[in-house]
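Below: one structure, written as structure tokens.
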Amino acid sequence: MESHGAKAPVEGGAERLREMEREISAHPFRPHPLLPGGHAQTLAAWAWPGRVRPDQTRGDEARLFEVEPGVRLLARCRWHGDRTARATVVLVHGLGGSADAPYVLGAARLAYRAGANVVRLNQRNCGGTEHLTPTLYHSGMSGDLAAVVRELAARDGLPRILVAGFSMGGNLALKMAGEMGEEAPEALLGICAVSPALDLAATVANLERPSNRPYEKTFALGLRRLVVRKKELFPGLYDTRDLARTRTVRDFDEHYTAPYGGFADADDYYARASATRRINEIRIPTLVIHAHDDPLVPFAPLRSPRLRDNPRISLAAPPHGGHVAFVSASREERFWAESSLARFLRLLSG
């Protein structure tokens, strides 16, 4: 764990955060010997053989959440028979991902084994759900996640909920918790954010580095394809003439995210949608996992006093691990961040 310096005592959850720090100290991340660097870790995590099993989602229940009028999100849920007696984990994927992303499925498997219900949430338009909303999606839509949490607590009567977000989903989870502040639902136990893109401007600038061009091209291509699909479904809403000039994520945010999302421009979007501006207001136990060698999301924003000085946040910051990867040398805990999430879940719900 990174040292945050001296902290004043805090109410509820502080001891469990300290216990989590001890757990991670006892089970530190040791990278696979053939994957020492950030890029190698990141790519291997996606391509790891056998990580996603054909029968892994069999029996999962489809669930629609109406997060605002005319906007529905599709989730895949796996419940225990006594669901209200269990903790529930809501998993939120990153940019270009879905509820079926390998890291989401891996985390879901371990959380369910740990005794929790699992809700794998698709963000707007993701996982083949473009028809469920006329809007696009972006990194500031923390209200969607808050609506899901409140529905699970109020309508389903689930008393213990943990939200875990990955990359862009990590930003959403942290932003939501900061916005809730002291008004967070009693059922919301805590937050786990893995490789969170909590400073969007810094992340987008980092993506433009020459070494990251293959990643950026992949993201930009997926975003352009999204607009084409939205144009087919909602022909009167979307203009595709700027797609030819949309080569980077920043281009997309300037031409599509900002104007269609109610922002003045890309810089306004990055400033208003980043979790950094609200992270100091988090008042529930929060675990942030982020590698120093993450090639996509820079580590520097994690040094912000807003995060460092908040005693409700613990930062696990191994030197290595890549982006949403953490491929371990241990066969028993091959994907260390997912195992750490399961430990955090046990501590919070125990």
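Read through the list (1) under 20 Å from ARG18 (Cα atoms); (2) more than 16 Å from the chain's Cα centre (by Cα); (3) touching a residue at least 12 places away in the same chain (Cβ under 8 Å), then give the number of the only condition that ARG303 fails.
Every listed condition holds for ARG303 apart from (3).
Farther than 24 Å from GLY96 by Cβ, in contact with a Leu (Cβ under 8 Å, 6 or more places away or on another chain) and not small (Gly, Ala, Ser) - does that describe any residue in segment 39-53? Break it down into steps so the answer makes sense when it comes.
Taking segment 39-53 and keeping what is farther than 24 Å from GLY96 by Cβ, we get none.
No: zero hits.
Do we have any residue at all in segment 129-136 that's in a helix (DSSP H, G or I), acidic (Asp, Glu) and farther than 23 Å from GLU338 by Cα? Give the derivation first.
So the first thing to find is which residues in segment 129-136 are in a helix (DSSP H, G or I), and the list is 130-132.
Applying the additional criterion that residues be acidic (Asp, Glu) yields 130.
Subsequent filtering for residues that are farther than 23 Å from GLU338 by Cα retains 130.
There is at least one residue in segment 129-136 that is in a helix (DSSP H, G or I), acidic (Asp, Glu) and farther than 23 Å from GLU338 by Cα.
For (1) within 14 Å of the chain's Cα centre (by Cα); (2) polar (S, T, N, Q), each residue gets a yes or a no:
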residue: GLN123; (1), (2): yes, yes
residue: ASP144; (1), (2): yes, no
residue: ALA147; (1), (2): no, no
residue: ASP156; (1), (2): no, no
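Which members of segment 61-96 meet the condition of being free of Cβ contacts under 8 Å to residues at least 40 places away in the same chain and of a type outside the set (Asp, Glu)?
ALA62, PRO69, TRP79, HIS80, GLY81, ALA85
Quick one: would you say ARG213 is outside any loop (DSSP other than H, G, I, E, B), closer than 19 Å to PRO298 by Cα, over 21 Å from the mean Cα position of the chain (by Cα) and among the basic types (Lys, Arg)? First the steps, then the outcome.
Working: outside any loop (DSSP other than H, G, I, E, B): yes; closer than 19 Å to PRO298 by Cα: yes; over 21 Å from the mean Cα position of the chain (by Cα): yes; among the basic types (Lys, Arg): yes.
Judged against the criteria, ARG213 is a match.
Name every residue in segment 30-51 that is touching a helix residue (DSSP H, G or I) at 6+ places or on another chain (Cβ under 8 Å), exposed (fewer than 15 other Cβ atoms within 10 Å of the Cβ) and closer than 20 Å to ARG109 by Cβ, in order of residue number.
If the condition is that a residue be touching a helix residue (DSSP H, G or I) at 6+ places or on another chain (Cβ under 8 Å), exposed (fewer than 15 other Cβ atoms within 10 Å of the Cβ) and closer than 20 Å to ARG109 by Cβ, then TRP46 is the only one that fits.
Going through ALA264, ALA325 one at a time, which residue ends up being of a type in the set (A, V, I, L, M, F, W, C), buried (at least 21 other Cβ atoms within 10 Å of the Cβ) and over 26 Å from PRO185 (Cα atoms)?
Details: ALA264 fails: buried (at least 21 other Cβ atoms within 10 Å of the Cβ).
Unique residue meeting the criteria: ALA325.
When VAL227 is evaluated against the numbered criteria (1) touching a residue at least 24 places away in the same chain (Cβ under 8 Å); (2) outside any helix (DSSP H, G or I); (3) farther than 30 Å from PRO305 by Cβ, which criterion, by number, is the only one it fails?
(2)
Quick check, is TYR260 farther than 27 Å from VAL104 by Cα, in contact with a Leu (Cβ under 7 Å, 6 or more places away or on another chain) and either in contact (Cβ under 8 Å) with a residue 12 or more places away in the chain or assigned by TED's automatic domain parsing to the domain that holds HIS131 (or both)? If you could, list the steps in order and put the result at the bottom.
Numbers: farther than 27 Å from VAL104 by Cα: yes; in contact with a Leu (Cβ under 7 Å, 6 or more places away or on another chain): yes; either in contact (Cβ under 8 Å) with a residue 12 or more places away in the chain or assigned by TED's automatic domain parsing to the domain that holds HIS131 (or both): yes.
So TYR260 fits the description; yes.
In the set PRO185, PRO134, PRO196, which member is surrounded by fewer than 21 Cβ atoms within 10 Å (Cβ to Cβ) and touching a Leu at 6+ places or on another chain (Cβ under 7 Å)?
Numbers: PRO185 fails: touching a Leu at 6+ places or on another chain (Cβ under 7 Å); PRO196 fails: surrounded by fewer than 21 Cβ atoms within 10 Å (Cβ to Cβ).
The unique qualifying residue is PRO134.
Could you give every pair whose Cβ atoms fall below 6 Å, whose first residue belongs to segment 310-324 and is closer than 13 Å to TRP336 by Cβ and without any contact (Cβ under 8 Å) to a residue 60 or more places away in the chain, and whose second residue is of a type in the set (A, V, I, L, M, F, W, C) and surrounded by fewer than 21 Cβ atoms within 10 Å (Cβ to Cβ), counting only separations of at least 6 or pairs across chains?
none
The values are calculated or read from the model by the stated rules, or taken from the named source; none is laboratory data. Since this is a predicted model, take the numbers as computed values, not measurements. Positions of Cβ are backbone-derived with ideal geometry, glycine not excepted, and every protein chain shown enters the neighbour counts.
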